[in-house]
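The values are calculated or read from the model by the stated rules, or taken from the named source; none is laboratory data. Small disclaimer: the values here were computed from a predicted structure and weren't measured. All Cβ positions, glycine included, derive from the backbone under ideal geometry; neighbour counts span all protein chains shown.
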Amino acid sequence: MRTLDYDIVIVGSGAGGGTVAKELAPLCQKGMRIALLEWGGRFNDHDNTRSEVEMAQKYYFESGGVQNSGQEMTFALAKAVGGSTTVYTGTSLVLPDEILEKKWAVPGLTSVDLKPRFQKYLKENNVHLLDKSLINENNQLFYNACNKLGFKPSQFPVNVKNCQGLGTCNLGCAVHAKQGTHVVQIPSAEKQGVEVVSFCRVDKIEENCVRATVLPPEHGLEASPWPCGEYSIRTKKIILCAGAIHTPALLLKSFGSFHHALGKYFTCHPALILVAQHDREINNTFGHPKSYYCEDFMHSHGVLLETCMYFPFTLAKNLVGFGPDVDDLMSHFNHLQMILVLIMDHARKENGITIDRQGNPIIHYKFNSQDIAAFIKGIRESARIFFAAGAKRIHAPACKSFFIEARQAAQLDQLINQEEFKLGKMSIASAHLMGGCRMGENPQEAITDSWGRVNGKKDLYVADASLFPNSSGVNPYLTVMALADRVAEAVIHDYRKGL
Ligand SMILES: Cc1cc2nc3c(=O)[nH]c(=O)nc-3n(C[C@H](O)[C@H](O)[C@H](O)COP(=O)(O)OP(=O)(O)OC[C@H]3O[C@@H](n4cnc5c(N)ncnc54)[C@H](O)[C@@H]3O)c2cc1C
């Protein structure tokens, strides 16, 4: 066991950890030692082959197939320097005031406070609207059909620079066009003196001490800068940024269930995919995969529709059915249009993270009738969009037959129904993991205060998506960064005050 001394240790290097590292980096010039410990490896230019299964294995926890305890859904989260920002799609939305004020209602957390933080990262990470000429046909069909039906599609701002339209954002960008924390914030932090330690898994937190193991490199990635083995790292402050599954799990493993809400109130925007087959080839693989969304059914039904593009293996495993129908659809891959249906779930105490005897996270997530009704609405409206776009036939979950043909378009409400929505038989996935260490100003209800300080634990902070007291209702990474920025400010404040 090696013993080291640092002033600040940050655990996890995703949207939260990368942001905190960059914000605290100027302290290195004052002689402070800061370490950013990351379980995953560092990806260099030559490490990304864009091969679907290979890259899923390299980037994701359990190749992207982490399941809930009921095995009804999967969770996508990355293990890499840059965390899930390495594989995210880069759609960049600001937390709506309405969610902040009504659904979150955290005293002290106001839009006046958050606005400049959002503006900082919108600029730093190059968020902008893509020129319309760069939008591919899969996206364009959605936009045109929404307009035809009288819906109001919106364009996603994205955070790319010199994008070559490879379309494989979710396998990690092979040309680093997406401006994740591994491209923007972490290199800046390193330049200023923050030490980034890859393949360093934090096993336990103690008061002013982090216990970690440096692992041998995997998948041909570069080795950790620290020799393999066990470490005891003494530190003045610890900032947990391991994400909405691993931060609550680490706290539970380290301190037990010290708060009744720890690990609870987890939300994740559960999502499923619909596919339409056109009778001609459409450009679906080249270009940014996600250009538009439709919020028309958000307020009334709690469901959001987004364009999307699943790679062949992922698509095949997300179809509801087996055999010749699947082969038939997959053989027309370059004729396919896709839509993602996301439901805006609400924080409930029964949904959350616990740990097993070894301290590994277990995710508990149950759907209620409101969630299922939201899914059904989203599936029906997506089916309408497909047929308005001119699809020949579609594949929709919650339907008895594998295909719905264009001639059946008038019967969508009968064909897609709740009796056919069979949990465990259909593929539901989530990439927006939120909550578990919810913030708030009432220590009876919240794990941290509104600045990320863990209640009852000195020198311990949380700065990642686990802080969300409820779902964000929009794609969450910018909100994670804005909150992490605020936590970094609190750390600096506490230092100055000698707290
Ligand atoms: C496929 C995909 C697409 C997405 N697309 C979008 C999008 O377009 N727009 C959007 O807003 N959001 C998107 N998201 C969500 C977004 O990426 C996350 O909300 C955000 O990255 C969460 O930030 P975080 O810091 O909480 O966690 P993460 O970014 O997941 O970072 C957590 C890090 O902690 C590390 N870690 C965990 N445990 C330990 C440990 N014990 N020791 C050391 N390190 C540890 C992990 O390896 C990981 O690197 C997407 C996510 C995925 C997976």
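Observations
- G40, sole failed condition from (1) modelled with pLDDT of 95 or more; (2) under 23 Å from Q185 (Cβ atoms); (3) surrounded by fewer than 20 Cβ atoms within 10 Å (Cβ to Cβ): (3)
- Search result, residues across region 454-499 that are polar (S, T, N, Q), within 17 Å of V20 (Cβ to Cβ) and in a loop (DSSP other than H, G, I, E, B): none
- Filtering S63, S13, S69 for residues that are within 10 Å of the ligand (Cβ to nearest atom) and either buried (at least 24 other Cβ atoms within 10 Å of the Cβ) or within 21 Å of A242 (Cα to Cα) (or both) leaves a single hit, S13.
- Test: residue in region 453-461 that is over 23 Å from E207 (Cβ atoms), more than 10 Å from the ligand (Cβ to nearest atom) and in contact (Cβ under 8 Å) with a residue 40 or more places away in the chain: no
- Every pair of residues 6+ apart whose Cβ atoms lie under 7 Å, when the first sits in region 168-194 and is at positive phi and crowded, with 24+ Cβ neighbours inside 10 Å while the second is in a helix (DSSP H, G or I) and of a type in the set (S, T, N, Q): G172/T86
- If you go through region 429-449 and keep only what is within 13 Å of W104 (Cβ to Cβ) and not in a loop (DSSP other than H, G, I, E, B), you end up with M434, M439.
- For region 16-48, taking the residues that are away from the ligand (no atom under 15 Å from the Cβ) and among the basic types (K, R), the one that is nearest to G229 (Cα to Cα) is identified as R33.
- Selected residue (criterion: nearest to K178 (Cα to Cα)) from residues of region 12-35 that are touching a residue at least 24 places away in the same chain (Cβ under 8 Å) and among the basic types (K, R): K22
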